[in-house]
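Some notes on the structure that comes next.
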Amino acid sequence: MLGAVSTLCTVSLIFRQPNAQTPTNWKAIDSILGRSGNMQGETYRVGFPRNDLHVTVGAVKVRPTFALGSWVAFKQTNDSTAMLMGDLVLLPIEVAAVVDALQRAGVEQTALHNHLLSESPHVVYLHIGGRGRPVALARAVH
């Protein structure tokens, strides 16, 4: 019986798949994006509140942390690549240049829509996604 247990342990070690990845250097991502993010589980999220916008809905001022928060999140998929998702808050006049830059960098645009109604000035929300080297993805969205 002891021999069977020993053999089973040996076989399980032989077929054990290493799942440790070399962690992404998130400080390099912070440096490119110009701000720090934080880990949320296995996802690294960086927020970009649009503090430069002064948006109102009627007489109510919309705070950047409430509905004007752009963000990007990275999920490491292996030693050298990551998946990117995000939501960018944009003025309509900014959309074409941002979409052009993202497309040139290989980042997909998955939706363009509104989160607010009757706001002034009008803002839109561009959802993005991509896969690649984390540093290249960060440069693409910066």
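Counting only residues that are among the aromatic types (Phe, Trp, Tyr) and surrounded by 15 or more Cβ atoms within 10 Å (Cβ to Cβ), which one in the stretch 66-90 is farthest from the chain's Cα centre (by Cα)?
Quick first cut of the stretch 66-90, residues among the aromatic types (Phe, Trp, Tyr) only: 66, 71, 74.
Now narrow it down to the ones that are surrounded by 15 or more Cβ atoms within 10 Å (Cβ to Cβ): 71, 74.
Working: 71: 6, 74: 4 Å.
Across the stretch 66-90, the extreme among qualifying residues is 71.
Identification of strands (runs of 3 or more DSSP E) wholly contained in the stretch 69-122 with 1 or more residues that are basic (Lys, Arg) and in contact with a Ser or Thr (Cβ under 8 Å, 6 or more places away or on another chain) yields 69-76. Checking the stated criteria, residue 135 turns out not to satisfy the condition of being within 16 Å of the chain's Cα centre (by Cα), in contact (Cβ under 8 Å) with a residue 24 or more places away in the chain and not in a helix (DSSP H, G or I). Tell me, yes or no, whether the stretch 58-65 has at least one residue that is exposed (fewer than 12 other Cβ atoms within 10 Å of the Cβ), at pLDDT 95 or above, outside any helix (DSSP H, G or I) and in contact with a Lys or Arg (Cβ under 9 Å, 6 or more places away or on another chain). Scanning the stretch 58-65 turns up no residue that is exposed (fewer than 12 other Cβ atoms within 10 Å of the Cβ), at pLDDT 95 or above, outside any helix (DSSP H, G or I) and in contact with a Lys or Arg (Cβ under 9 Å, 6 or more places away or on another chain). Those residues that are of a type in the set (Ser, Thr, Tyr), over 18 Å from the mean Cα position of the chain (by Cα) and modelled with pLDDT of 95 or more, I need them from the stretch 11-57; list them, please. Across the stretch 11-57, the qualifying residue is only 56.
The values are calculated or read from the model by the stated rules, or taken from the named source; none is laboratory data. Computed from a predicted structure; not experimentally measured. Backbone-built Cβ (ideal geometry, glycine too); neighbour counts: all protein chains shown.
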